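**Q** Supplied in structure tokens, the structure appears directly below.
Rule-based calculations on the coordinates, nothing more; no lab input. Keep in mind that what you see is a predicted model, and the values were worked out from it rather than measured. Heads up, the Cβs are rebuilt from the backbone with ideal geometry, glycines too, and the neighbour counts pull from every protein chain shown.
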Amino acid sequence: MKPNTRRISSSDSLYLAVVLLPIILLIALFIYYPAVDTFGQSLTNRNLRIRRPPKPVGLANYVKLIEDDEFREVTGRSFKVVIITLPLEMAVAFGIAMLLNQRFPGRGVVRTLTLLPWMLPGVVNGFLWGWLLNGEYGALNGFLYQLGLIQEYQYWLREPEHLIFWVTVVQTWTRYAFPTIILLAGLQSIPDDLYDAAKVDGAAAIARVRFITIPLLLPSFGIALVVEFIAAFQIFDVIWTLTAGGSVGGSMNPFTKTLMLYNYELVFRDLRVGLGAALSYIILLMSLAVGLIFVMRVYNQGVQEQ
Amino acid sequence: MNLGLRGQERLRLAVIYVLCAVVLIWALAPIYWVAVSSISTRQELYARPYKIWFPSQPTLESYQTIFTQGAKFRSGGFSPTAHLMGTGLRNSVIISVASGGIVTLMATGAGYAFARMEFRGKNIIFLLIMLMIPLPIWVSLIALFFLMSRLGLVDTLVGLILIFVTLLLPLSVWLMTTFVRDIPSEIQDAARVDGADRWRLVYSIVLPLARPGMVAVFLVSMLTTWNNFLIPLIFTRSDDSQPLTIVLTLFIGQYEVAWEDMSAAAVVTMLPPFLMALFFQRYLVRGLTMGAVK
């Protein structure tokens, strides 16, 4: 125990007040108070289109949503996005991490350029891919046509069944850098001796990956999956510019409407505040388990490992 | 086939560089294409089949157009757009720099408190800040919108900055706490025995040593704010406060589709993050992975 830490001196408490009070105030006022208020509103039938004072309706909004076909459809779609994105993203990230784990001249430059897409605005990424996949003049068409792989230009973003697939591709492109970094750090912590020993024992390259690399990377995959689950589950920006139609207050493409877009639509376009508030709490419940794993890790590292 | 040691090494490098090429095409092709589009003439860009891959006469006309005319995007629309790029750029710069600066100062002060001081409620305050990270933001956003309306802060830069600072706090406080903890405490203890109070200690000993951490927090906060779309989508209405991410979507949704001009707008929107990612990537990666990778 260090000296001077048992008793808080008056100068210390002044310091604490100055640095912590603004933070506590901001978080209380902008995060926790609104969160409680939103919950209160989810128990009313508040609708800004209808000029009447909101009445308490109990859990009616929640029941209405759970029984609603559109809600079920949108929820299913959100999970579909997650289920396609996560394996796709992990495969891309694992491949790139294995490559960047090799020693070769120019590795630093390749690494820097590889991580670029992650740091660009999501709305720009959606736009980039929308233009790339454009049916009239898009580069993908030009490229494939030039290679002779397609006979005529394709409208990649026309078929509703294909849209979700392209959404997951763009989400993968936006986010793969994060799992790549985590997996690369994991790879670099595996001691070379293990591989050398396996080589001596005659294990082939594939076997070495299968029995050494992947098992030892499992914790890294764990971190990456938790973070990427949150990111994919809350997808918004990319869809907005890729397929949603993108105009404020306008109609939204129903085939790529995920939970976050649905929530935006309910509250800020349809002005059904009570219903939208209930939806936000249902989303909270759905992501709670994964979120808690994440926060416990952060918390344990942040405060207790001293 | 026996290649010998040098031959094997050459083959290994050849395979690696081929794979690198594939990875770089995947990572950079969409960016390259939009950059090329923004400096192409419409005739070349709209050629079918497209087969140029670099304009024969590169032109900056699209950039000039989006900053000076703009109205082209909204022919028949209701609001003039000629100055939207200019105001968008100004708003993006103001909110990113201000949010980044303020949150860095706040997080440094708090990071020291969490890393080096003992006080009642420390754990619970830290937990309440960190709980924000996985909290789906909608839970707060809905009621926050009505709160901001009552406070008259909707569609103002001040309102946006306050919200961004709040949202950036958890990551920033976490980073600064770990950074300050990594500074050897012997130096600080020596200074305390000499009777330096907390302010002096933080200002003259912690601040200089924590500078790399502060730079990381500032850059990450700036980048996150610049790239954000949802917050301004909800809390802005006019060019008084709309940043570039919003302006870009206003261009996309309009009547005339001018891909070369929209590409120029996209390039302007992503240029600062792009440059930051090229030149400060070390800091950004460290911050964005919460210091998990150093």
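**Q** Taking only the alpha carbons of the protein assembly as shown, what extent do you get along each of the three principal axes, in Å, biggest first?
**A** Principal extents (Cα only, largest first): 81, 79, 50 Å.
**Q** Under a crude label model (7 Å from the Cα following the beta-carbon direction), how far is B:ILE187 from B:ARG150 in nanometres?
**A** About 4.7 nm separates the two model spin labels.
**Q** Right, something else. In nm, to one decimal, how far is the modelled label at B:LEU207 from the one at B:TYR32, with both set 7 Å along Cα→Cβ?
**A** Inter-label distance under the simple model: 4.7 nm.
**Q** Over the range B:215-277, what is the relative contact order in percent, taking alpha-carbon pairs closer than 8 angstrom and at least six residues apart? Could you put the intermediate results ahead of the total?
**A** Numbers: 21 pairs, mean separation 20.2, N = 63.
So the answer I get is 32 percent.
**Q** Placing +1 on the Cβ of each Lys and Arg and -1 on the Cβ of each Asp and Glu in chain B, which of B:LEU160, B:ALA196, B:ASN91 has its Cα farthest towards the positive end of the resulting dipole?
**A** Most positive-ward Cα: B:ALA196.
**Q** Taking the Cα centroid of the range A:13-48 and of the range A:96-116, what is the distance between the two, rounded to the nearest whole Å?
**A** So the two Cα centres are separated by 43 Å.
**Q** Okay, next question. Run the dipole for chain A about the Cα centre, Lys and Arg Cβ at +1, Asp and Glu Cβ at -1, nothing else charged, and hand back the magnitude in debye, nearest 20. Present the calculation step by step, with values, prior to reporting the outcome.
**A** Details: 24 positive and 21 negative charges, 169 e Å.
Its charge dipole is roughly 820 debye.
**Q** Got a sec? Which residues in the range B:19-41 would a label at B:GLN57 touch, if it sits 7 Å along Cα→Cβ and we count backbone N under 11 Å?
**A** B:41
**Q** Got the relative contact order for chain B handy, in percent, Cα pairs under 8 Å and 6 or more residues apart? It would help to have the intermediate numbers written out before the result.
**A** Numbers: 296 pairs, mean separation 85.8, N = 294.
Over chain B, the number comes to 29 percent.
**Q** Put +1 on the Cβ of each Lys and Arg and -1 on the Cβ of each Asp and Glu in chain B; which of B:LEU135, B:PHE146, B:TYR63 then has its Cα farthest toward the positive end of the dipole?
**A** So the residue furthest toward the plus end is B:LEU135.
**Q** Apply the a/c threshold of 1.5 to the C-alpha gyration tensor of the range B:151-275 and tell me whether it is rounded, prolate or oblate. Don't jump to the answer; show the numbers that get you there.
**A** Values: a/c = 4.47, a/b = 2.48, b/c = 1.80.
In terms of gyration-tensor shape, prolate.
**Q** Give the long-range amide H neighbours of A:THR44: residues separated by 5 or more places, or on another chain, with amide H under 5 Å away, using H modelled in the peptide plane at 1.01 Å from N.
**A** A:VAL57
**Q** If only Cα atoms are counted, what is the Rg of chain B, and what is its Dmax, in Å?
**A** In Å, with Rg to one decimal and Dmax whole: 24.4, 78.
**Q** Further, regarding this structure: Rounding to the nearest 20 debye, state how big the charge dipole of the range A:124-252 is about its Cα centre with +1 on each Lys and Arg Cβ and -1 on each Asp and Glu Cβ. Mind dumping the intermediate values first?
**A** Working: 5 positive and 10 negative charges, 15 e Å.
Charge dipole of the range A:124-252: 80 debye, to the nearest 20.
**Q** Once all Cα-Cα distances of the range A:72-118 are split into 10 Å bins that start at 0, what whole-number percent is in each one?
**A** In order of increasing distance, the bins hold 22, 37, 22, 14, 5, 0 percent.
**Q** Is the range B:85-231 best put as rounded, prolate or oblate by its Cα gyration tensor, with a ≥ b ≥ c the root eigenvalues, rounded for a/c under 1.5, and otherwise prolate when a/b is larger than b/c, oblate when not? Walk me through the intermediate numbers first.
**A** Values: a/c = 2.55, a/b = 1.78, b/c = 1.43.
Taking the square roots of the gyration eigenvalues as a ≥ b ≥ c, the range B:85-231 is prolate.
**Q** Right, next: Once you sort the root eigenvalues of the Cα gyration tensor of the range B:15-156 as a ≥ b ≥ c, which label holds: rounded (a/c under 1.5), prolate (a/b larger than b/c) or oblate (the other case)? Working shown, then result.
**A** Numbers: a/c = 2.94, a/b = 1.60, b/c = 1.84.
It is oblate, given that a/c is not under 1.5 and a/b is not larger than b/c.
**Q** Please state, as a whole number in µm²/s, the translational diffusion coefficient that the Stokes-Einstein equation yields for the range A:20-110 at 20 °C and 1.002 mPa s, with Rh defined as the Kirkwood radius across alpha carbon pairs.
**A** Values: Rh = 18.5 Å.
It diffuses with D of about 116 µm²/s by this estimate.
**Q** Ok, one more. On a 0 to 90° scale, report how tilted helix B:259-279 is relative to the longest principal axis of chain B, with both axes built from alpha carbons and the result rounded to the nearest 10.
**A** Result, in degrees: 30.
**Q** Is there a quick way to get the dipole size of the protein assembly as shown? I mean about its Cα centre, with the Cβ of Lys and Arg at +1 and of Asp and Glu at -1; what is the value in debye to the nearest 20? List each step's numbers first, then the result.
**A** Values: 46 positive and 36 negative charges, 170 e Å.
Dipole of the protein assembly as shown, to the nearest 20 debye: 820 debye.
**Q** Let me ask you something else. What is the distance in Å between the Cα centres of the range A:136-195 and the range B:1-56?
**A** Each part's Cα centre sits 15 Å from the other's.
**Q** What is the range B:163-244's relative contact order, in percent, from Cα pairs under 8 angstrom and six or more apart in sequence?
**A** Computed value for the range B:163-244: 35 percent relative contact order.
**Q** Additional query: Could you point to the residue in B:TRP53, A:TYR145, B:PRO212 farthest towards the positive end of the protein assembly as shown's charge dipole, with +1 and -1 charges on the Cβ of Lys/Arg and Asp/Glu respectively?
**A** B:PRO212
**Q** If one puts a single equal scatterer on every Cα of the range A:138-297 and applies the Debye formula without solvent, what log₁₀ I(q)/I(0) results at q = 0.09 Å⁻¹?
**A** Those come out to -0.51, one per q.
**Q** Right, another one. Filter the DSSP H helices in chain A by two things, a Kyte-Doolittle mean of at least 1.6 and an axial alpha-carbon span of 30 angstrom or more, and list the hits by number.
**A** On the way: long enough: A:69-100 (46 Å, 0.99); A:273-299 (34 Å, 2.04).
Counting only whole DSSP H runs, the qualifying helices are A:273-299.
**Q** Further question: So if we plug the beta-carbon distance of A:LEU292 and B:LYS122 into 1/(1 + (r/R0)^6) with R0 = 25 Å, what FRET efficiency do we get, rounded to 0.05?
**A** 0.75
**Q** Another question, then. Aspartates and glutamates near B:LYS122 by alpha-carbon distance under 15 Å, same-chain residues fewer than 8 away left out - which ones?
**A** Once the sequence-local aspartates and glutamates are set aside, what remains near B:LYS122 is A:ASP12, A:GLU305.
**Q** Give me a single rounded figure for A:271-282: the average over its residues of other chain Cβ atoms within 10 Å of their Cβ. Walk me through the numbers on the way to the answer.
**A** Details: counts 0, 0, 4, 1, 0, 3, 4, 0, 2, 8, 3, 1.
Average per residue, whole number: 2.
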